[in-house]
Amino acid sequence: MMNIDYRQIGKRIAKRRDVLDMTQAELAEKADLSATYTGNVERGAKCSIETLMKLCTALYVTPDYLLLGVDKEYRSDSLDDVKDALFRCDPKKKAVIKRFIQWYADQDV
């Protein structure tokens, strides 16, 4: 039987939240959890699969990242850093970036 290391899962959640420049309260709101419960999970409290999936969705990661620590280097999506940066942008900046990408894609370079 496999032991689940909830402390490591909590550390991965906190690390990913920091990468996204998100507070515990923001994560809790995005995952539809209480801030207290989210903090407890980050400190290694056991959590349900439903909670884990909510956190994965809110943090834009797959369960294998939280459960197994599969690092970005080994993930197939090479645009993770770009997605992370876009996540931190406000809607105005996202619109400008989208227009730029559309313009750039139309260029003959």
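The values are calculated or read from the model by the stated rules, or taken from the named source; none is laboratory data. All figures in this text were calculated on a predicted structure; none of them were measured in a lab. Each accessible area value is taken on the protein alone, full model and side chains, heavy atoms only, with ligands, DNA and RNA left out. Shrake-Rupley method; radii C 1.70, N 1.55, O 1.52, S 1.80 Å.
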Calculated from DSSP helices alone, with each H run of at least 4 adding -39500 (n - 2.57) and the total divided by the residues of the chain, [θ]222 nm to the nearest 500 comes to -19000 deg cm²/dmol
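Skip the ligands, DNA and RNA, and give the accessible area per residue of the chain with a 1.4 Å probe, whole Å².
Numbers: 7810 Å² over 109 residues.
Here the per-residue accessible area is 72 Å².
Two-decimal Rg/Rh of region 1-46 from alpha-carbon positions, Kirkwood Rh?
Numbers: Rg = 10.8 Å, Rh = 10.7 Å.
Over the Cα atoms of region 1-46, Rg/Rh equals 1.01.
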Determine the principal axes of the Cα atoms in the chain, then give the extent along each, sorted from largest to smallest and rounded to whole angstroms.
-> 56, 29, 20
